[in-house]
Amino acid sequence: MARTNVSIGGFVLAAFALAACAQGGKATSTSPQIARVGAPAPDFSEPSVPGPTLSLESLRGKAIYLNFFATWCPPCNEEAPTINALQRQYAASGLQVVGVDVLESARKATLFRQEHHLVYPAVVDQGTLRDAYRVNGLPVHVFIDREGIVRNVVVGELSPAAMRTDVERILR
């Protein structure tokens, strides 16, 4: 009996592999877009604070710095003042920082913004952006140029100098 199960399991696995090859590894119209350096950023429209929603489309033409965070994350709290300073310094040059509060509430995102006196908005992500950017730890920094192309993704804490370098690169 075990042999039959292995044979059926092997058949199912082969069928999935064949289907994946037939699609050429490309996303189908029903599969979500996954972020890749050098490729267009996945589109999004998420609830934001101060509200009501924020979309990638509404930021067209801006250099975008997505900062994935959570209120409980110590490095996220440590980096917030530096990221805020970058938004203040480079806003006139076309930078838009967007905080992405991962799997928390609008209330927590609002408190985080207030505590750190943030001048940039935060979206409240219930997993859509987390999945699109394959976030499995925090913080994560995503730098998107004015054409909407992902130029860099950094997982983990980032030094102020490295943040500035990536911001200046996407503003060119």
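The values are calculated or read from the model by the stated rules, or taken from the named source; none is laboratory data. The model shown is predicted, which means the values in this text are computed figures rather than measured ones. FYI the Cβ positions are ideal-geometry reconstructions off the backbone, even for glycines, and counts take in every protein chain you see.
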Quiz item: Can you tell me which of R146, R164 is of a type outside the set (D, E) and either over 21 Å from T82 (Cβ atoms) or modelled with pLDDT under 95 (or both)?
Solution: R146
Quiz item: Counting just the residues of segment 102-117 that are surrounded by 14 or more Cβ atoms within 10 Å (Cβ to Cβ) and out of contact with any helix residue (DSSP H, G or I) (no Cβ under 7 Å at 6 or more places or on another chain), which one comes out farthest from P75 (Cα to Cα)?
Solution: A106
Quiz prompt | Among residues of segment 54-96, those that are assigned to a strand (DSSP E or B) and free of Cβ contacts under 8 Å to residues at least 40 places away in the same chain, counted | solution = 2
Quiz item: Among the listed residues Y133, Y90, which satisfies the condition of being of a type outside the set (A, V, I, L, M) and within 25 Å of I34 (Cα to Cα)?
Solution: Y133
Quiz item: In segment 35-81, which residues are touching a His at 6+ places or on another chain (Cβ under 9 Å) and either at pLDDT below 95 or not hydrophobic (A, V, I, L, M, F, W, C) (or both)?
Solution: Y65, N67, N77, E79, P81
Practice problem: Return the residue satisfying two criteria in turn: it lies in segment 149-172 and is free of Cβ contacts under 8 Å to residues at least 60 places away in the same chain and in contact with a strand residue (DSSP E or B) (Cβ under 8 Å, 6 or more places away or on another chain), and of such residues it is surrounded by the most Cβ atoms within 10 Å (Cβ to Cβ). | Solution: V155
Quiz item: If you check V167 against the conditions, is it in a strand (DSSP E or B) and not hydroxyl-bearing (S, T, Y)?
Solution: no
Quiz item: Taking segment 118-148 as the search range and keeping residues that are outside any loop (DSSP other than H, G, I, E, B) and in contact with a Pro (Cβ under 6 Å, 6 or more places away or on another chain), which one is surrounded by the most Cβ atoms within 10 Å (Cβ to Cβ)?
Solution: V124
Quiz item: Checking V100 against (1) assigned to a helix (DSSP H, G or I); (2) under 16 Å from the mean Cα position of the chain (by Cα); (3) under 15 Å from T110 (Cα atoms), which test does it fail?
Solution: (1)
Quiz item: Conditions: (1) over 19 Å from P81 (Cβ atoms); (2) of a type in the set (D, E); (3) in a helix (DSSP H, G or I). E115 meets all but one. Number of the miss?
Solution: (1)
Quiz item: From the list R107, R151, which one is closer than 19 Å to L59 by Cβ, at pLDDT 95 or above, out of contact with any Pro (no Cβ under 9 Å at 6 or more places or on another chain) and among the charged types (D, E, K, R)?
Solution: R151
